[in-house]
Amino acid sequence: MMYYVCRVPANRKLIPAVRRIQNKKVLDVGLGSGYYTQLLLDTNTVVGIDQNPHLCELPITVHQGDATQLSSIVRGEKFDVVLSTWMTDYLDAGQVQTFLAEAKSVLNDGGKLIVTFPDTYGLGFFYVRAAGLIRGVEKYTYSKKQIIEKLKRAGFTDIEIVKLNSWLYIPWAYMVIAQ
Ligand SMILES: C[S@@+](CC[C@H](N)C(=O)[O-])C[C@H]1O[C@@H](n2cnc3c(N)ncnc32)[C@H](O)[C@@H]1O
C-alpha cells in the first residue's frame with residue numbers, strides 16, 4: 001500500500017531526476033532489486049552496494065556491504081554520482097552522518113549525491129511507526145533542518161532539497177541533490 005500512496009507520487013519528481021543522469025559513473029547504495037538502477041543502464045556505468053545483493057539481478061557489479069563503509073568497499077574507486085533511494089530510513093542518526101561522509105569521500109570533485117529521506121512529518125511519521133509495529137523493523141526519519149545540518153557536516157555545500165509529496169499533497173519525503 002505504501003508503494004501506491006508514497007512511492008508512486010514521489011516518482012513524478014524522482015524518476016526524471018534519475019533519468020537526467022547521463023554518461024556518468026554511478027554508485028547506487030541500497031539498490032535493492034534495481035528499480036531505479038535499470039533506468040541508468042543505457043548511458044551510465046553503475047556499481048551497486050547493498051546488504052542484500054542477491055535482490056539485484058541486473059547485469060552489474062553489486063558489492064555486499066554497508067552504506068556506512070562505502071570507501072572501503074569500493075577501494076579507492078571514485079564516482080560522478082552517488083544515488084541512494086529509500087535506504088536512509090534504515091539508518092540511525094550516527095549511521096546517516098557516516099553514510100553522507102562516506103558518499104562525499106567516494107565522489108569525484110563536483111560529483112553529486114542524490115538521496116531520499118522520508119520526512120519526520122506527514123506520512124513519513126506513520127511509515128516508520130508502521131514498520132516498527134507491523135514488521136518489527138526499526139526505521140528513522142529526518143527533518144529538513146537535520147538533513148541540511150548533516151549534509152553540511154559531511155562537506156556538501158551546494159544543497160537542493162525537493163519535497164516529495166504523497167497523494168493530496170500530504171508531505172512524505174525529501175529528495176536531496178547535493179555536491
Ligand atoms: C526499500 S529498499 C530500496 C531499494 C531501491 N533503492 C529502491 O528504491 O527501489 C532498501 C534497500 O536498502 C538496503 N539496505 C538497508 N540498509 C542498508 C545498509 N545499511 N547498507 C546497505 N544497504 C542497506 C536493503 O537491503 C534494501 O535492498
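Name the single residue that is nearest to the ligand (Cβ to nearest atom) among those in the range 61-83 being in contact (Cβ under 8 Å) with a residue 24 or more places away in the chain and among the charged types (D, E, K, R).
So the first thing to find is which residues in the range 61-83 are in contact (Cβ under 8 Å) with a residue 24 or more places away in the chain, and the list is 62, 67-71, 73-74, 77-83.
Of the ones still in play, those that are also among the charged types (D, E, K, R) are 77-78, 80.
Details: Glu77: 17, Lys78: 19, Asp80: 18 Å.
The extreme case among them is Glu77.
Taking the options Leu41, Leu58, name whichever one is within 13 Å of the ligand (Cβ to nearest atom), out of contact with any His (no Cβ under 9 Å at 6 or more places or on another chain) and of a type outside the set (D, E, K, R). Break it down into steps so the answer makes sense when it comes.
Values: Leu41 fails: within 13 Å of the ligand (Cβ to nearest atom).
Being within 13 Å of the ligand (Cβ to nearest atom), out of contact with any His (no Cβ under 9 Å at 6 or more places or on another chain) and of a type outside the set (D, E, K, R) holds for just one of Leu41, Leu58, which is Leu58.
Give the residue that is nearest to the ligand (Cβ to nearest atom), with candidates limited to residues of the range 84-103 that are assigned to a helix (DSSP H, G or I) and surrounded by fewer than 20 Cβ atoms within 10 Å (Cβ to Cβ).
Narrowing the range 84-103 to residues assigned to a helix (DSSP H, G or I): 88-90, 93-103.
From what is left, the residues that are surrounded by fewer than 20 Cβ atoms within 10 Å (Cβ to Cβ) are 90, 93-95, 97-98, 101.
Working: Tyr90: 4, Ala93: 13, Gly94: 12, Gln95: 7, Gln97: 13, Thr98: 10, Ala101: 14 Å.
Across the range 84-103, the extreme among qualifying residues is Tyr90.
In this structure, is Gly111 under 16 Å from the mean Cα position of the chain (by Cα), surrounded by 19 or more Cβ atoms within 10 Å (Cβ to Cβ), more than 24 Å from Gly48 (Cα to Cα) and not acidic (Asp, Glu)?
On the way: under 16 Å from the mean Cα position of the chain (by Cα): yes; surrounded by 19 or more Cβ atoms within 10 Å (Cβ to Cβ): yes; more than 24 Å from Gly48 (Cα to Cα): no; not acidic (Asp, Glu): yes.
Taking the combined requirement at face value, the residue does not satisfy it.
Would the range 20-33 turn up any residue that is more than 21 Å from Lys139 (Cα to Cα), within 12 Å of the ligand (Cβ to nearest atom) and surrounded by 15 or more Cβ atoms within 10 Å (Cβ to Cβ)? Before the answer, list the steps.
Applying the first criterion (more than 21 Å from Lys139 (Cα to Cα)) to the range 20-33 yields 20-27.
Imposing the further condition that a residue be within 12 Å of the ligand (Cβ to nearest atom) reduces the set to 27.
Applying the additional criterion that residues be surrounded by 15 or more Cβ atoms within 10 Å (Cβ to Cβ) yields 27.
Looking for residues that are more than 21 Å from Lys139 (Cα to Cα), within 12 Å of the ligand (Cβ to nearest atom) and surrounded by 15 or more Cβ atoms within 10 Å (Cβ to Cβ), one finds at least one in the range 20-33, hence yes.
So, in the range 119-144, how many residues would count as being within 20 Å of Leu168 (Cα to Cα) and buried (at least 19 other Cβ atoms within 10 Å of the Cβ)?
Looking only at that region, the number is 5.
Since every read-out is calculated from the coordinates, none of them should be taken as a lab result. Being a predicted model, the structure only gives us computed values, none of them experimental. In this analysis, Cβ positions are derived from the backbone assuming ideal geometry, glycine residues included, and neighbour counts consider all displayed protein chains.
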